[in-house]
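Comments concern the structure below.
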Amino acid sequence: MTTGEPLIVLDAVNKWFGPLHVLDDVSLSVGRGEVVVVIGPSGSGKSTLCRAINRLEPISSGTIIFDGQPLPAEGKPLAKLRSEVGMVFQSFNLFAHKTILENVTLGPIKVRKEKPAAARERGLALLDRVGIANQADKFPAQLSGGQQQRVAIARALAMQPKAMLFDEPTSALDPEMVGEVLDVMTSLARDGMTMVVVTHEMGFARHAANRVIFMADGQLVEDAPPEEFFANPRSDRAKDFLSKILTH
Amino acid sequence: MHVFADPTNFDAYVSSFLWILKLTGASAVLALVLGVLLAAMRVSPVPVLRGFGAAWVNIFRNTPLTLVIFFCFFGLYSTLGLSLVDDLDLNNFWLGVIGLSAYTAAFVCEALRSGVNTVPAGQAEAARAIGLTFAQTLRIVVLPQATRSVVAPLGSILIALCKNATIVGTIGLMESSNVMKDLINSNGDAVIPIFLVFAGTFAAFLIPTGYFFGWLANRLAVKR
C-alpha cells in the first residue's frame, strides 16, 4: 500500500495544555494511500493528535512534516497547507449561513480561485458522490446529522486534498446514521485516499484500516495492523480498553 | 397648530428633520464601517490592533456625546482649524457626523463583538481547515453570522443614533431640537403643542424602525 516517502511524519511531538501532557513524545508516520485509525479512551490525546496534523492545535515541541515540508507556523503558507489537508469534525461545522452547495464551493472559489461555474459543477458532482445532490440548495440546519457529515466530507474533498483527517466523524450521530457516513469513508479508503481517522467504530477499523494506533495518556501505545491488534493486543492498556468496548 | 401654519415655521420644521435624517444616514454608514473595523481589530490576534480597538471603545463609550460633539467643534474646528467645507452649516454638519460616528462606532463594535461570541468556534475552525486566511475567515464566515445575530441590537443603536443627532444642535446646526427651542421662544403660548409635534415626529419614524429591525432580525437569523 505504502509507496515512496511517507506523507505525514510526526517526530517526538509533545503538547501540553498547562500542566496536562496531552501528547507525550509521539512519533508516527503515515504513508501515501494509507488508512490509519486512531483509537483509545477519551482524554488519551487522539483528537489532539489529529488536529495537530493541520495545526489547528499548535504543538509544544517536536516536528510534523507533511508531504516533505515541515508545517508552517502561520499566515499564508499555513493556510495553503491546510487547503491540502481535508478535515472532518465531530460536530460537522458546516457554515450555517451558506447553502449546502455554497459550503462545498466556498474553498475552491475563495482559496483556489476557481471559476464559480466550474466549482459549482464539481461541487454538485461531489454532492452526488456522497448522495446529497438533491439537497444542494438547502441550509445545513435543514439536513440530518448524517447528511450534514456527508456534506462536510464533500466540502473537504472539494479542495482535492492529499490527505483527510477525521476527528470522531460519527460520534455525534444518531446510530442509524452512522452507517451512511462510514460507507462514504470506506469508499474513500478504497479509492486510495490517505486517511487518519479518530473513531470508536471498531468495525470500520477492522475492515478499512491498514493500521490501528492505540493511544493512552498522550502516548502512542500500539501501532499494528487491525487483525493483529484486535486479536492480540500487546499492552495491558489496550487489552483493558478492548475488553471494555468489545464485551457489549 | 397655528405655529406650523406659518410657512416659515413649517419650512424650519421640515428642514430641521431633514438635517436629522442626513446626520443619521451619514453617521450610520460611517459608524457601521468603523464599527466593523474596530470589531475585527478587537478579535484579531495582533495585540496592537486589539489595544487600539479597546482604547477606542473605552474612550467613546464612556464620554458624554455632548463632550464629543463639543470637541469636534471647539477642538477639531476652532483650535486645530479642521475645516471640511466652506459653508458653515455644512461644516457643522460634517463635524457632527464625525462625532456621532466615532461615538456610535464604539457601540456597533461591542454589539458585533457579542455577536462574534454567538458563532460557534467550530465555524472558524472549519474555515481555517479549508485554507481560508484569518481575514477571509472573519469576512466570509464569522462576521456575516455575527452581524445577523445582532440585527436587533444594531436597530436599537440606530434609533439611539437618530435621537443623539439632536445634540449636533449644540454646535449651531438648525436641527430639530434647535428649531424647537426657537419656536418655543417665539411662541410661548404653544409650548406643549410644539413639543408634541417634535416628539411625535421622532416617534412616528422610530417606532416603525424598531418593528422593522425586529422583523429583519427574525428573517436573517442563522438557523443552527
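Listing for the model above:
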quantity	calculated
Odd one out for B:Cys109 among (1) open to solvent by 10 Å² or more (accessible area, probe 1.4 Å); (2) touching a Phe, Trp or Tyr at 6+ places or on another chain (Cβ under 8 Å)	(1)
Selected residue [of a type in the set (D, E, K, R), within 14 Å of chain B (Cβ to nearest Cβ), touching a Leu at 6+ places or on another chain (Cβ under 9 Å) and not in a loop (DSSP other than H, G, I, E, B)] from A:Arg120, A:Arg55, A:Arg51	A:Arg51
Helices (runs of 4 or more DSSP H) contained entirely in segment B:105-224, each with at least 3 residues that are of a type outside the set (Lys, Arg) and within 14 Å of chain A (Cβ to nearest Cβ)	B:121-129, B:143-149
Some residue of segment A:66-75 being touching a residue at least 24 places away in the same chain (Cβ under 8 Å) and open to solvent by less than 10 Å² (accessible area, probe 1.4 Å)	yes
Some residue of segment B:69-84 being within 14 Å of another protein chain (Cβ to nearest Cβ), open to solvent by 50 Å² or more (accessible area, probe 1.4 Å) and not aliphatic (A, V, I, L, M)	no
Where a residue in segment B:19-45 is free of Cβ contacts under 8 Å to residues at least 24 places away in the same chain and its partner, wherever it lies, is among the basic types (Lys, Arg) and open to solvent by 30 Å² or more (accessible area, probe 1.4 Å), with Cβ under 8 Å and at least six apart	B:Met41/B:Arg50
Among residues of segment A:219-245, those that are open to solvent by less than 50 Å² (accessible area, probe 1.4 Å) and either in a helix (DSSP H, G or I) or without any contact (Cβ under 8 Å) to a residue 12 or more places away in the chain (or both), counted	6
Residues of segment B:24-40 that turn out to be more than 16 Å from B:Ile159 (Cβ to Cβ) and buried (at least 21 other Cβ atoms within 10 Å of the Cβ), as a count	3
Residues of segment A:98-154 satisfying the condition of being β-branched (Val, Ile, Thr) and in contact with a helix residue (DSSP H, G or I) (Cβ under 7 Å, 6 or more places away or on another chain)	A:Ile100, A:Val104, A:Thr105, A:Ile109, A:Val111, A:Val130, A:Ile132, A:Val151, A:Ile153
Verdict on A:Leu78 being without any contact (Cβ under 8 Å) to a residue 24 or more places away in the chain and part of a helix (DSSP H, G or I)	yes
Subset tally (residues that are within 14 Å of chain B (Cβ to nearest Cβ), outside any strand (DSSP E or B) and buried (at least 23 other Cβ atoms within 10 Å of the Cβ)) for segment A:162-197	1
Extreme residue, nearest to the chain's Cα centre (by Cα), among residues of segment A:76-101 that are open to solvent by 40 Å² or more (accessible area, probe 1.4 Å) and more than 8 Å from every other protein chain (Cβ to nearest Cβ)	A:Gln90
Identity of the residue in segment B:1-23, among the hydrophobic types (A, V, I, L, M, F, W, C) and closer than 24 Å to B:Trp94 by Cβ, that ends up surrounded by the most Cβ atoms within 10 Å (Cβ to Cβ)	B:Leu23
Failed item in (1) within 11 Å of chain B (Cβ to nearest Cβ); (2) part of a helix (DSSP H, G or I); (3) surrounded by fewer than 21 Cβ atoms within 10 Å (Cβ to Cβ), with A:Val104 passing the rest	(3)
Complete set of residues in segment A:107-121 that are open to solvent by 10 Å² or more (accessible area, probe 1.4 Å) and under 21 Å from B:Val141 (Cβ atoms)	A:Ile109, A:Lys110, A:Val111, A:Arg112, A:Lys113, A:Glu114, A:Pro116, A:Arg120
Qualifying residue in segment A:5-18 (condition: of a type outside the set (Lys, Arg), without any contact (Cβ under 8 Å) to a residue 24 or more places away in the chain and not in a loop (DSSP other than H, G, I, E, B))	yes
Residues located in segment A:135-157, provided they are basic (Lys, Arg) and more than 13 Å from chain B (Cβ to nearest Cβ)	A:Arg150
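The values are calculated or read from the model by the stated rules, or taken from the named source; none is laboratory data. In this text the structure is predicted, and so the values were computed from the model without any measurement. FYI the Cβ positions are ideal-geometry reconstructions off the backbone, even for glycines, and counts take in every protein chain you see. What goes into the accessible areas is simple: the full protein's heavy atoms, side chains included, and nothing from ligands, DNA or RNA. Shrake-Rupley method; radii C 1.70, N 1.55, O 1.52, S 1.80 Å.
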